[in-house]
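The values are calculated or read from the model by the stated rules, or taken from the named source; none is laboratory data. Just so we're clear, the structure is a prediction, and the values are computed from it rather than from any experiment. Methodologically, a virtual Cβ is constructed for each residue, glycine included, from the backbone with ideal geometry; neighbour enumeration extends over all protein chains shown. The accessibility values were calculated without ligands, DNA or RNA, using every heavy atom of the protein model including side chains. Shrake-Rupley method; radii C 1.70, N 1.55, O 1.52, S 1.80 Å.
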Amino acid sequence: MTIVQKIIAAKPASARKPAKAAGGPGRIVLVLQGGGALGAYQAGVYQALHEANIEPDWIIGTSIGAINAGIIAGNHVKDRLPRLREFWRRVERREIFHFAAPWRGVVDAASYFTTLIGGIPGFFEPNPLAFWGTHVHLGAEKAGFYSTAPLEKTLNELVDCSLLNRCTPRLTVGAANVRHIMASGALPPAFPAIRIGEDYYWDGGILSNTPTEAIFDDNPRRDSLIFAVHLWNPTGEAPETMWEVLHRQKDIQYSSRVASHIARQRQVHRMRHVISQLVKHIPETDRNSPEVRELAGYGCVTQMHVVRLLAPSLDNEDHTKDIDFSASGIRMRWEAGYADTRRAIERAPWEGEFDPLEGVILHQPMPIEAKATE
């Protein structure tokens, strides 16, 4: 069966014990956001984790994050990094011209239009009929400006579905109402919906581009060390041109839900910890009554450490950055992900003593200035 015919069940292996990073608490979770070419940053993140012998127990991804996640989960540990490198080698767009500033803008524009016209080898190719008009009947499986048939071929060659179905590591990919790698990368209007059974599904980024809620809603909850890899920066200077507006709008659109999700979960988990503490003050004779036991069930004593890794902005970056599959763009983002994660591992902010009432502890990235002085 091809990978399109495989529905990836997000079920953990019941006999699996939680892994621990060096000093890390509980299971290791890797969350990968959607963001096209920006996903090279995630590959660098995984390389740093891999070299530190920190292999994830659970990988969650959307769009390009789902593709990276599928390649990691769908290979043996020794093959994961080479297969990631192979994927990014295949989707790399060769740079015809090598100009420095101030000609970079011209080169970037040329690369952008080349991608729009020709697609990306190994990833997507133009669907000629879609360009005849917006009312041309294409059918649900071809209603997109591009076809992802090349991606299906690439994934079939780089991902072992039998390993995915073992759920070690556990894999969850975000799509509209279903978890499936190809569907998670079907972002309209560029790519058509993916048919699974009698239904059609689009990219999970439409609902949540960083599905961290899957971890917090998991049952039973467990102590976790979560590496949340974000590709879109929610903060920035006020735009002064329409070109800058397009850039900021895309950053905010794909990153805004992350902060609200984590803030809400911090509140909810703190309340669960408060409940657990209050139960201790109830006399033992009353503590075992059905009513108290039911109320106590809302309590929780697990702690989840969220290490937030944020991809930096590159020079001359604009709203077309998510289709910048140039060799230099991929290399710089990969190296940035590797360096940021190495730094996080060295700091190990999840180690030490923490407020027992805190269920979700967020470790934010350091400013660039602080990184340079370490």
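Per-structure values
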item: Filter result (open to solvent by 40 Å² or more (accessible area, probe 1.4 Å) and either not polar (S, T, N, Q) or not in a loop (DSSP other than H, G, I, E, B) (or both)) within segment 229-249; result: Pro234, Gly236, Glu237, Ala238, Pro239, Glu240, Met242, Trp243, Glu244, Val245, Leu246, Gln249
item: Condition met for Ser276 (open to solvent by less than 80 Å² (accessible area, probe 1.4 Å), of a type outside the set (D, E, K, R) and free of Cβ contacts under 8 Å to residues at least 24 places away in the same chain); result: no
item: Filter result (in a helix (DSSP H, G or I) and not charged (D, E, K, R)) within segment 284-303; result: Thr285, Pro290, Val292, Leu295, Ala296
item: Segments classed as helices (runs of 4 or more DSSP H), wholly inside segment 24-99, with at least 1 members that are touching a residue at least 40 places away in the same chain (Cβ under 8 Å), open to solvent by 10 Å² or more (accessible area, probe 1.4 Å) and among the aliphatic types (A, V, I, L, M); result: none
item: Selection within segment 324-370 - at pLDDT below 90, open to solvent by 40 Å² or more (accessible area, probe 1.4 Å) and part of a helix (DSSP H, G or I); result: Ile368, Glu369
item: Top-ranked residue in segment 118-148 [being open to solvent by 50 Å² or more (accessible area, probe 1.4 Å) and modelled with pLDDT of 75 or more; ranked as nearest to Glu86 (Cα to Cα)]; result: Pro121
item: Of residues in segment 307-323 being at pLDDT below 90 and over 20 Å from Thr114 (Cβ atoms), the one least open to solvent (accessible area, probe 1.4 Å); result: Ser313
item: Selected residue (only one of Ile282, Ile226 is in contact with a strand residue (DSSP E or B) (Cβ under 9 Å, 6 or more places away or on another chain) and surrounded by 13 or more Cβ atoms within 10 Å (Cβ to Cβ)); result: Ile226
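Residue-wise test of (1) open to solvent by less than 40 Å² (accessible area, probe 1.4 Å); (2) of a type in the set (A, V, I, L, M).
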{"residue": "Gln265", "(1), (2)": "yes, no"}
{"residue": "Met271", "(1), (2)": "no, yes"}
{"residue": "Glu294", "(1), (2)": "no, no"}
{"residue": "Thr302", "(1), (2)": "yes, no"}
{"residue": "His305", "(1), (2)": "yes, no"}
